[in-house]
Each structure stands twice: as structure tokens, then as C-alpha cells.
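S.K.: Before I ask anything, let me first share the structure, which is written out below as C-alpha cells.
The values are calculated or read from the model by the stated rules, or taken from the named source; none is laboratory data. Since the model is a prediction, treat every value here as computed from it, not as a measurement. We place every Cβ from the backbone using ideal geometry, glycine too, and count neighbours over all the protein chains shown. For accessibility, only protein heavy atoms count, side chains too; no ligands or nucleic acids. Shrake-Rupley method; radii C 1.70, N 1.55, O 1.52, S 1.80 Å.
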Amino acid sequence: MLEQQFQSKIDNEIKIEPKDWMPEAYRKTLLRQISQHAHSEVVGMLPEGNWITRAPSLKRKAVLLAKVQDEAGHGLYLYSAAETLGFSRDQMIHDLLTGKAKYSSIFNYPTLSWSDIGAIGWLVDGAAIMNQVMLCRTSYGPYARAMVRICKEESFHQRQGFEILLTLSQGTEAQKAMCQDSINRWWWPSLMMFGPKDSESTHSDQSTKWKIKRKSNDQLRQEFVDMIAEQVKILGMTLPDPDLKWNESRGHYDFGEINWEEFWNVVKGNGPCNKQRLEARNKAHEEGRWVREAAIAYAQKKAERTKNQAA
Amino acid sequence: MMIRKFYYGDIPEDAGTGSGSANTEVKSSKDWPLWEVFIRSKQGLDHKHVGSLHAADAEMAIENARDVYTRRMEGVSIWVVESQYIHASNPDDADSFYEPANDKVYRHPTFYQLPDELSHM
């Protein structure tokens, strides 16, 4: 009965809000998805932060700082949305730091050159945006609102990335080669960001029924390929896929097979930087501990003093 | 058993349990409290709820709110209030709670049938 009422709200495009009744599985699915999304924003700061001190100009440095600061903000919006489902921030952080919680595998790849910052903005943020635009219409109110805010800010990220690559693509031979190299390394991991193929699921898809997701992995991935295959022409670069070809009858680009073994390997913690990322997060958390504790002690002392003065 | 489809941002946990299953509890006595943030986007408009954040005290909450919610000049004034002090109506009672307004269409101007030639009203 409650479940029917819940589903009819979803079917009628009425958003679900924190205090509304919801099936336990809906709550858990959302919690897992939103917290993983939040962790991805937070860990996503690491590969880019790596280049803040080495950005080639003051302008690029300022832009990259602003972008990384945005990612921190996006993590916060998402943690807040997850908290409305009754799970504490500290618990989420704990799950990330102990390796229990997952985050997007893409951030376990290293940023080897400045050009990688461009490729991340264009391809990685580009892929994330496809997913996030869809999630602006997700059925859970706080998640949808966080996504609207994130999408507004995210489009600058993709544009600045493309601009970095465009500049390199018009530079010296070495700069052009650097640009192509980054595209070669980031292309396949970006396609993996959309997750396994739809055909791997044989049963009804609960996330779609609940309108948490509104498009399938393959659908989003195809839209992404179609978009990037055109944009890469402006850079005068190529995508590292010999099978990439416009298919007139489908009205889409065909593309080659993704290396799923690599995907699952990185998910399971064996990617190039998994260990390094978690170590960096743990280090930051430990080194910030005294600040967090001092702030709460100061706040308590101040509150105490105010109380005594009033008495 | 239903096989779940995995999406980006929705990779199953190793243990097969969602992060919602708190088997390793973290004590929360030292947590910074949660604050709700309200922002006036420009003079003349109401403060509007924009989200929440954790902070040790009100001063820090306002500064953090500035850093996360007004990075692109979205506001000229910020209110913060500790979430625990917000009282809310119960969504389960919504039908009966808002029922008194249901049969009072005469509260709307469109309820009144007046001649077309009547102007400025």
C-alpha cells in the first residue's frame, strides 16, 4: 500500500523529499549512489591539485584553483543530500578513508602532463556532465537540487579543459604531441565512466523504475561518443579507436570494445593510483584533525563564556 | 533474486552491502553540528534556503556558507540556523493538515464573476 503510493508519486513526477515514506531499498540505493558521487568529487580534486603549483601561467593557476574549489563544493552539496537520508557525514568519510566506499575509477589514473588537465576537463568532466544533466531530474528532491547547482558550475570546467587542449593543439609540435597523448590515455577510461554495458543486466531495472536514473549506461555512452567524435575534429586530433566510424543507418558513431578487464581491475583497487589516492585522503584527514578538534573546543568555550556572562 | 544494474557512481561495495549499512559506527560527539543556509540573492528579495553544511559555530557557518554557496556572487546576505532548531510539519499528515483550505475557493479572486466592462479590478 505504502509502496504503491510511493510508486504512484514517482510515476506522476512528484519528487520524494527526506521525510516522506520510501522503500528501504530506494533509500539504500540513493545513499550508495550519492555518497559514491560525493567521494568522486572529493577524490577528483587530487589528480588536478597535483598541477596547481605547476600550471603554466598565473591565469591557468587561478582557473585550476577555482575548479578544484568547485569540486570541493560539489562534494559538500552531495554529502548534504546523502545526510538527508539519515547517514552521518563522519560515517561517510570514514567509509571512504577505510576503502569501504567506492568512488569513480577514473580518478585512479595519473595526471602525467599539463595536457592531462585539459583532457580531464573535456573528457572526464564531459562524461560526468552527461550523467549529471540526467540526474537533475532524478526522483529524490535533495539529490536533484544538488545536481542542478552542480551542472550550473560544471560547464565552466568542461570549457576550460577544451580551451587548454585547443591552445596546445595550435602550439609547437611537442605541444601537439602532448595533447594527442593525453587524449589517447584518457579516452577509454572516460568511456568506462558510464559503467558496464546494459546487456549485462537481464532483469528489470529498479533504478529506472524509481526514476533515480532516466537513461541507460549505453545510451549515455553513445551520446558522449557522438558529441566527442565531432568536437575532436576542432582540435585536429584523433580518438584512439580504429573502429570509430559514423554509422549512417543508426545515426550514431560506432565504436570499439571497451577493455572491461581493466575496468573491473581498477574498481577492485588495482588501478595505477588507488593506493596513492586513499593515502592522500587519509593524510589530509589526519593532519586536519587538530583543526577540527580545536574549532569545536573553541566554539564550546565561547558558548560557555556567553552563558556565564548572562548568568 | 534480482540482479542489479550498475551505473557510474553506483558501483557495489565489496561486502555486497550499501554504505547505508553501518557496521563500523563512528562516534559523533565531536561532529561539527549541521547548519541550514539561507541566502538573499539581492536586496529586496527574501532569504531562500540553499543547502546545509557543518561548522563548529555560527561564525564559521557563515564563512563556510560564503565559500560554498556564494562563489559566483549568488548572495548579498546569509542566514544560518542550526538544523536541530528547525521544526517541520509532518508529511504523513499533509492530507488532513492542509484540508481546511480545500473547500475555500472564494479566497481566490477568480471565484467572483464580474462583468467584462468593469476595469481596474
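S.K.: Quick check: anything in the stretch A:285-303 in contact (Cβ under 8 Å) with a residue 60 or more places away in the chain and either polar (S, T, N, Q) or on the phi > 0 side of the Ramachandran plot (or both)?
M.R.: So far as the stretch A:285-303 goes, no, none of its residues is in contact (Cβ under 8 Å) with a residue 60 or more places away in the chain and either polar (S, T, N, Q) or on the phi > 0 side of the Ramachandran plot (or both).
S.K.: Could I ask something else about it? Only one of these is in a helix (DSSP H, G or I), of a type in the set (Lys, Arg), out of contact with any Phe, Trp or Tyr (no Cβ under 7 Å at 6 or more places or on another chain) and more than 12 Å from every other protein chain (Cβ to nearest Cβ): A:Arg32, A:Arg60. Name it.
M.R.: Values: A:Arg32 fails: more than 12 Å from every other protein chain (Cβ to nearest Cβ).
Just one listed residue meets the conditions, A:Arg60.
S.K.: Looking only at residues that are among the small types (Gly, Ala, Ser) and not in a strand (DSSP E or B) in the stretch B:53-87, which one is nearest to B:Gln43 (Cα to Cα)?
M.R.: Of everything passing the filter in the stretch B:53-87, B:Gly75 is nearest to B:Gln43 (Cα to Cα).
S.K.: Right, next: From B:Asn90, B:Asn102, grab the single residue that is of a type in the set (S, T, N, Q) and more than 14 Å from every other protein chain (Cβ to nearest Cβ).
M.R.: So the residue among B:Asn90, B:Asn102 that is of a type in the set (S, T, N, Q) and more than 14 Å from every other protein chain (Cβ to nearest Cβ) is B:Asn102.
S.K.: Same structure, new question: Residues of the stretch A:250-275 being closer than 14 Å to A:Leu97 by Cα and touching a residue at least 40 places away in the same chain (Cβ under 8 Å), which ones?
M.R.: Scanning the stretch A:250-275 gives A:Gly269, A:Asn274.
S.K.: I'd like the full set of residues that are open to solvent by 100 Å² or more (accessible area, probe 1.4 Å) and among the polar types (S, T, N, Q), limited to the stretch A:232-269.
M.R.: Within the stretch A:232-269, A:Ser249 is the sole residue that qualifies.
S.K.: Restricted to the stretch B:21-41, and to residues that are modelled with pLDDT of 95 or more and more than 21 Å from A:Arg292 (Cα to Cα), which residue is farthest from the other protein chains (Cβ to nearest Cβ)?
M.R.: Once the filter is applied, the top-ranked residue is B:Arg40.
S.K.: Also: Going through the stretch A:216-254 one residue at a time, which ones are basic (Lys, Arg) and away from every other protein chain (no Cβ under 14 Å)?
M.R.: A:Lys233, A:Lys245, A:Arg250
S.K.: Within the stretch A:228-250, does at least one residue satisfy the condition of being over 26 Å from the mean Cα position of the chain (by Cα), assigned to a helix (DSSP H, G or I) and more than 24 Å from A:Met92 (Cβ to Cβ)?
M.R.: For the stretch A:228-250, residues over 26 Å from the mean Cα position of the chain (by Cα), assigned to a helix (DSSP H, G or I) and more than 24 Å from A:Met92 (Cβ to Cβ): absent.
S.K.: To continue, here is another question. Anything in the stretch A:38-77 that is within 13 Å of the chain's Cα centre (by Cα) and among the small types (Gly, Ala, Ser)? List them, or say none.
M.R.: A:Ala38, A:Ser40, A:Gly44, A:Ala72, A:Gly73, A:Gly75
S.K.: I want to confirm something. Restricting to the stretch B:43-75 and keeping residues that are closer than 24 Å to A:Lys67 by Cβ and of a type in the set (S, T, N, Q), which single residue is most open to solvent (accessible area, probe 1.4 Å)?
M.R.: B:Asn64
S.K.: Just for the stretch A:77-111: of the residues that are among the small types (Gly, Ala, Ser) and part of a helix (DSSP H, G or I), which one is nearest to the other protein chains (Cβ to nearest Cβ)?
M.R.: Taking the candidates together, the pick is A:Ser80.
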